[in-house]
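The values are calculated or read from the model by the stated rules, or taken from the named source; none is laboratory data. It should be emphasised that the depicted structure is a prediction, and the values quoted were computed from it without experimental measurement. No Cβ is skipped: glycine too gets one built from the backbone with ideal geometry, and neighbour counts run over all protein chains shown.
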């Protein structure tokens, strides 16, 4: 099998009372970020007032963290969906931008200095200039991820980060739209989708529990091989560690549980089963600092939000039948490019980002139009604001997979970053899009889905700012 390069992005953006304009990525990055007045470079960027700081914390940061950044909390997700807290967060960010301009805007919190990003140009700059001077290894990330992967590339620095990043990219084949094991992965997706549809018909509906079970069977087989297909205990240990990681600094670490996870992973890596990532790892050079075992938990962690995005994509297709027909046209195609399916997954990730907060840490003073930021300032990119900014994006609240359909179209001044971007872009981006697309087409080959819940999800209505994957329900019909 072979897939085309992953679709790029074409974005149409508008500002009130201004003409629409398209700006290439290079133009965005070349835009001067310092003000004409040299005095601006001698002062710190503006700080949010006390009330605005509290509002950002209450409406944006606290709800996002409460939902579970490392592992979603079902009860909080239910409440957040009912109250549409993401819509409130986006409105708050729009109000802050209206008051403070392009930003960044500094929040002075006890014991921590954070800068909230307000301008798409700044998003691109920060991500393109990672990890120096915008490091990925922030204190918050280190505190959370150290619970289950203290030597992972994402929270490493310097030569260790470079080596571990290199290893991840080689195993995951980050630069390739199609992993060399695509035929094995497609076979796995086919069998798991068929099994899932049988179980869903027996239970009378397709829900998140059934889909999640099938998805993680696929993940374990892809990462470790057939021997791990039913190793639910491995996933359980991982889940317990991720639940603790949600609390970051506040939860004591469980080194014995973490070691249990590493031992289970190492057992499968030693097997190096052909047709799995473990088999690939056996042929990738590891140095004294690579720590292959500790790179794997990040993949297992990342595949959870990937499953959420896949399930939400099925909901979008179930409520947008015209586009679902395009996706169905890719079933059984000789060429496995699946461009419509990939575009639908990317659009799901735009509408409901699974990484709502992208965090960076300045390693040196940085200069902006409105002043400077000192070193060791945390940079906060709230992705739903940039993906669903209905004051500036014509397509903010509708299903618009055409945004991702042409890889040659330049980006404009919007910032659509479902997998981040730049040197620290998610190394599993292409693999996630591949597996999600294979699973979706395999499910649709076995059945036709009708979205039961939420009933309000419709092509005729603005899409909600939050879609709780836990509550999605589908009816299944026989394949026709």
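Structural remarks
- Where a residue in region 167-184 is in contact (Cβ under 8 Å) with a residue 24 or more places away in the chain and on the phi > 0 side of the Ramachandran plot and its partner, wherever it lies, is assigned to a helix (DSSP H, G or I) and crowded, with 18+ Cβ neighbours inside 10 Å, with Cβ under 9 Å and at least six apart: 173/280; 173/430; 173/431
- Residue 473 farther than 28 Å from residue 385 by Cβ, surrounded by fewer than 19 Cβ atoms within 10 Å (Cβ to Cβ) and under 24 Å from the mean Cα position of the chain (by Cα): yes
- Residues of region 268-306 classified as surrounded by 15 or more Cβ atoms within 10 Å (Cβ to Cβ) and more than 17 Å from residue 167 (Cα to Cα), total: 9
- Those residues of region 291-349 which are in contact with a strand residue (DSSP E or B) (Cβ under 6 Å, 6 or more places away or on another chain), more than 24 Å from residue 223 (Cα to Cα) and modelled with pLDDT of 95 or more, in sequence order: 315
The rows are residues; the columns are (1) within 30 Å of residue 338 (Cα to Cα); (2) touching a residue at least 24 places away in the same chain (Cβ under 8 Å); (3) surrounded by fewer than 16 Cβ atoms within 10 Å (Cβ to Cβ).
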| position | (1), (2), (3) |
| --- | --- |
| 124 | yes, yes, no |
| 129 | no, yes, no |
| 132 | no, yes, yes |
| 192 | yes, yes, no |
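- Within region 268-285, residues that are closer than 17 Å to residue 427 by Cβ sit with their Cβ atoms under 9 Å from residues that are surrounded by fewer than 15 Cβ atoms within 10 Å (Cβ to Cβ) and at pLDDT below 95, at 6+ positions apart or across chains, in these pairs: 280/180.
- Residue match in region 354-364 (condition: modelled with pLDDT of 95 or more, under 15 Å from the mean Cα position of the chain (by Cα), surrounded by fewer than 24 Cβ atoms within 10 Å (Cβ to Cβ) and within 17 Å of residue 316 (Cα to Cα)): yes
- Checking 82, 87 one by one, the residue that is modelled with pLDDT of 95 or more and in a helix (DSSP H, G or I) is 87 and no other.
- Top-ranked residue of region 340-375 - restricted to ones that are assigned to a loop (DSSP other than H, G, I, E, B) and touching a helix residue (DSSP H, G or I) at 6+ places or on another chain (Cβ under 9 Å), ranked as farthest from residue 414 (Cα to Cα): 370
- Against the test of being at pLDDT below 95 and either in a loop (DSSP other than H, G, I, E, B) or in contact with a helix residue (DSSP H, G or I) (Cβ under 9 Å, 6 or more places away or on another chain) (or both), the options 389, 408 yield a single qualifying residue, 408.
- The criterion of at least 3 residues that are more than 22 Å from residue 172 (Cα to Cα), out of contact with any strand residue (DSSP E or B) (no Cβ under 8 Å at 6 or more places or on another chain) and at pLDDT 95 or above is met, among helices (runs of 4 or more DSSP H) falling completely within region 223-281, by 232-245, 255-271.
- For region 128-141, the candidate set comprises residues that are within 18 Å of the chain's Cα centre (by Cα) and in a helix (DSSP H, G or I); within that set, the residue that is farthest from residue 372 (Cα to Cα) is 141.
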